[in-house]
Amino acid sequence: MSAARTTRTVLAATLVAGLTATVLATPALAATAAPAEAAPAKAHHAATQQALDAAVADGVPGAVAQARDGHHRWTGTAGERGGDDRYRVGSITKTFTATVLLQLQSEGRLDLDDRVEKWLPGVVRGNGHDGRKITVRQLLNHTSGIYSYTEDPDFQAKVFGAGFLEHRYDTWTPKQLVGVAMAHRPDFEPGASWNYSNTNFVLAGMVIEKVTGRPYGKAVENRIIKPLKLRATSVPGTRSAMPEPSSPAYSKLSRDLNAPVHDVSALNPSIAGAAGEMISDSRDLQTFYRALLKGRLLTKDGLKEMTTTVPISPDVPNVSYGLGLMKDKLSCGVEVWGHGGGIHGSSSLAHVTRDGEHSLAGNFNADWTGDTQKVVEAEFCGTTGTTGTTGATATATGATATAPRG
């Protein structure tokens, strides 16, 4: 995997094991019709549907995407996915977490330039990590240098490999996850570079709890989910079952091309916490990102801070990262904001234009094959078959032994 592809992969998803592509043993179903509410497809929606169909032809069991362009709504599905399916959204959770922290700052309850040590004394310590030198802002834009606990080999073996089948219902506390990271050296000095780390957002959730006195998920529910009436969105905590409607989530739990496919729908999402535990659907994700970019959730200054980005790599100059929010200039020049997300058997996308008018959200119910970036390019650029100069996989499958697990 090239450096550019690897970096985009990390941004696009989280918490997915290093897996390799193969075709699912179960045959994919024929593309299904969109729900009755869907309007006739525009030309660019036709390209989006083609991208969904192509993903299923390449071995993804099921795919769904929904788009809004002004008042026009469209839904497309292929294979084993329904238009109203709920799914695990992985790292898309990060935008919710960052939004809460920005709200708390606007209320004067914390400052993003506070040192992590102020809120979590003694937590970020060990092997060169030092919370006295790291700000909350650096957690949110991944410039802290803190090692990502999902890179730990023992954690990967237990959570992402064959050990998943034995440990899928284990509960991990945020403190335990941070402890895994503290056993390693930092990636770099705070502020010196950029590297995607799930530990950053586990810590961000811990800061929210310290400030509010309640778990971060309660803040997400009270400040975002309830006000926006996101009926399909939840912060499951340790609940392992998926709410209905949903389709199975599939994983091979291995790099072996001949490994069997497993239904990994049920799992204890505490392995992800504030970095990637949430569940939603395509309608709710669009509602959230549209409201966010239109300024309904943050003050003008807060939104300006969130959308102030840092470069991530010279290999991908068209992609930069804000506070739990990614900016991506697509091959056709259209600029979109959002995040990708991956967790066992689930690869999700959510993007919107800066004016909040054209949005897209969707999911593949597999983590070893498929390229959700092609769906993004199809919707916003009307292209099919290629991802242009910024193409990447959204599944964070880490096709090489050294590829990061987002």
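The values are calculated or read from the model by the stated rules, or taken from the named source; none is laboratory data. Here the structure is a predicted model, which means the values were calculated and not measured. In this analysis, Cβ positions are derived from the backbone assuming ideal geometry, glycine residues included, and neighbour counts consider all displayed protein chains. Side chains are part of the model used for accessible areas, which takes the heavy atoms of the whole protein and leaves out ligands, DNA and RNA. Shrake-Rupley method; radii C 1.70, N 1.55, O 1.52, S 1.80 Å.
The H on the amide N of THR383, modeled in the peptide plane, is under 5 Å from the matching H of ALA378, each at least 5 residues off or on a different chain.
Pairs exceeding a 27 Å alpha-carbon distance, out of LYS300/LYS329; LYS94/LYS294; LYS133/LYS226: LYS133/LYS226.
Taking the Cα atoms of region 197-306, the ratio Rg/Rh between the radius of gyration and the Kirkwood radius comes to 1.03. Of the accessible area of region 111-160, computed with a 1.4 Å probe over protein heavy atoms only, carbon and sulfur atoms account for 45 percent.
Converting phi to 3J(HN,Hα) with the Karplus coefficients 6.51, -1.76 and 1.60 and the offset θ = phi - 60°, region 267-278 yields 7, 8, x, 5, 5, 10, x, 5, 8, x, 8, 6 Hz in sequence order, with x at every glycine or proline. Ranked by the mean number of other Cβ atoms within 10 Å of their residues, highest first, the peptides 71-77, 213-219, 372-378, 258-264 come out as 372-378, 71-77, 213-219, 258-264. Of all lysines in the structure, those lying under 16 Å Cα to Cα from LYS229, and not within fewer than 8 positions of it along the same chain, are LYS218.
The heavy atoms of ARG283 offer some 80 square angstrom of accessible surface to a 1.4 angstrom probe.
Remark: the Cα gyration tensor places region 304-382 in the prolate category, a/c being 1.5 or greater and a/b exceeding b/c.
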